[in-house]
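*Asks:* Below you'll find the structure I mean.
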Amino acid sequence: MQRVAALAGRPLRIALLTSSRSWRGSSMVFAALARGLADCGHTTTALAAYEPVATGFATQGVSVQTLPVAHTSLTAARALRRTLGELCADIILVDMARDIRHAAAASLGRSLAVVYCISTREPPRDLSTRIAFGRVRVTVFLTEEHARSTLAAAPFLRRAQHRVIPNGVDGSLFHPDEAAGRAFRERYDLPGGPLLVGVGALAPEKRWDLLLEAVALVAPPAPPLLLCGSGALEGALRAQARRLGVNATFLGQVEPGTLVGAYNAATCVVHTRPDETFGLALAEAMACGRPVLASASGGPLEVVGDAGVLAPPLDPRAFATQLERLLADPGRRAALGAAARRRAVERYSLERMVREYADLLESLE
């Protein structure tokens, strides 16, 4: 088979397609990857269905175009095919099942390698995506566990090559910074005692309801909880916090520099999603040298390892118990924070992620 352009003596032209409605973890990773691959000499362009996501890419310094690919249709496939032709794209990285279908149609009759970067726990199973998947050359999983469970649940994915490439975190941005933590507390008028921080979309799958239940079970005085993220469940979560008597502050979506301050202000970073595929917020918190407490399932088992605390999933009481122990032991928190930073730098650096993707894309035949 014909090798892609970079191996023929010129840089690759890479498109990154997402029809996600909101700016989320996978979009952030695509942005970081686009910048990193551009630094390697390749040409990268993000393709987005919705303006908020396009704005996110532009804010991150990534070349981006908005296309009518929010829904599967012949019009969407034609628009994508036309744009990929204008870009002279060699490779397209896709995010969602819908993106697989569009990229498959756009790749017919042309030399275009489709790479599926799956970030969801549940794989696509509908017939149209299974048919379109025949055009996928490689599927990239986030952890070894993610690959095993997904390939077992959807054997048709075995038709393509697969690689495990964990997400990467910019260790020069996300790093221990006591001054940033103090400034963050001052900016938002937060108390000087223990503070819990959770980061992620206020969406059903994140299960912040479990976290609120767990904090309500902590022996008083329970520390205040700060949630960084936006989403449809904010009203319901505010009401739950009031009902349970949890001192919760909802900060909304914050930019990366502010997020660094939030992590460094945290006594502990908490995460209760029971089926997380990776846990980018956990890796960022670890890079900031913060102790983390997460559910012992899915991605966190590999990401956190022994550099944090893992509690049985879907068990607020067990989570509360682990949280009480961690809050009562500053020596343990300090040791875990140092271990977390080492693990993040060694295993989840942005440079490592970009290098592994570059090696993969440059090797496609």
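*Asks:* Round to a whole angstrom and tell me the spacing of the C-alpha centers of region 300-365 and region 98-146.
*Replies:* Between the Cα centre of region 300-365 and that of region 98-146, the gap is 28 Å.
*Asks:* By its C-alpha gyration tensor, with a ≥ b ≥ c as the square roots of the eigenvalues, how is region 79-220 shaped: rounded for a/c under 1.5, else prolate for a/b larger than b/c, else oblate? Walk me through the numbers on the way to the answer.
*Replies:* Details: a/c = 2.85, a/b = 1.96, b/c = 1.45.
Prolate, since a/c reaches 1.5 and a/b exceeds b/c.
*Asks:* If you take the alpha carbon radius of gyration of region 207-258 and divide it by 2.2 N^0.38 Å, what ratio comes out, to two decimals?
*Replies:* Working: Rg = 11.4 Å, N = 52, 2.2 N^0.38 = 9.9 Å.
After normalising by residue count via 2.2 N^0.38 Å, the value is 1.15.
*Asks:* For region 216-292 and region 70-88, write down the distance between their C-alpha centroids in whole Å.
*Replies:* After rounding, the separation between the Cα centres reads 39 Å.
*Asks:* Between Ala152 and Arg352, what's the calculated FRET efficiency when r is the beta-carbon distance and R0 is 30 Å? Round to 0.05.
*Replies:* Values: r = 27 Å, r/R0 = 0.89.
E between Ala152 and Arg352, to the nearest 0.05, is 0.65.
*Asks:* Whole-Å semi-axes of region 137-258's equivalent ellipsoid, largest first, each the root of 5 times a Cα gyration tensor eigenvalue?
*Replies:* 34, 21, 13
*Asks:* Continuing with this model, one more query. Taking 0.36 nm per residue of sequence separation and subtracting the Cα-Cα distance, how much length would be gained by fully extending the chain between Tyr188 and Cys40, in nm to one decimal?
*Replies:* 49.4 nm
*Asks:* Right, next: So what's the projected area for region 87-148, the Cα convex hull averaged over all directions, in nm²?
*Replies:* One quarter of the hull surface, i.e. the mean projection, equals 4.3 nm².
*Asks:* How long are the semi-axes of the ellipsoid equivalent to region 284-354, from square roots of 5 times the Cα gyration tensor eigenvalues, in whole Å, largest first?
*Replies:* Computed over region 284-354, the values are 22, 15, 7 Å.
*Asks:* Which of the helices in the chain meet the span-like rule: DSSP H, Cα axial reach of 30 Å or more, Kyte-Doolittle mean at least 1.6? Intermediate results must be reported in sequence, preceding the final value.
*Replies:* Numbers: long enough: none.
Qualifying helices: none.
*Asks:* What does the convex hull of the alpha-carbon atoms of region 34-133 project to on average, in nm²? Could you put the intermediate results ahead of the total?
*Replies:* Values: hull surface 26.6 nm².
So the Cα hull casts an average projection of 6.7 nm².
*Asks:* Can you list the chymotrypsin sites (Phe, Trp or Tyr not before Pro) in region 174-213 that are in a DSSP coil and have 16 or fewer other beta carbons within 10 angstrom?
*Replies:* Values: sites: Phe174, Phe184, Tyr188, Trp208; in loops: Phe174, Tyr188.
Filter output for region 174-213: Tyr188.
*Asks:* Over region 181-314, with a single point scatterer placed on each C-alpha, what log10 of the ratio I(q)/I(0) does the Debye formula yield at q = 0.10, 0.12, 0.18 1/Å?
*Replies:* Values returned for q = 0.10, 0.12, 0.18 Å⁻¹ are -0.28, -0.41, -0.99.
*Asks:* What is the chain's relative contact order, in percent, from Cα pairs under 8 angstrom and six or more apart in sequence?
*Replies:* So the answer I get is 15 percent.
*Asks:* Ok, one more. Okay, helix-only estimate at 222 nm for the chain: each DSSP H run of n ≥ 4 adds -39500 (n - 2.57), divide by all residues, round to 500 deg cm²/dmol; what do you get?
*Replies:* Computed mean residue ellipticity for the chain: -13500 deg cm²/dmol.
Every read-out reported here was derived from the displayed coordinates using simple, explicitly stated rules and does not represent laboratory data. Please read all numbers here as calculations on a predicted model, not as lab measurements. Virtual Cβ from ideal backbone geometry, glycine too; neighbours counted across all protein chains shown.
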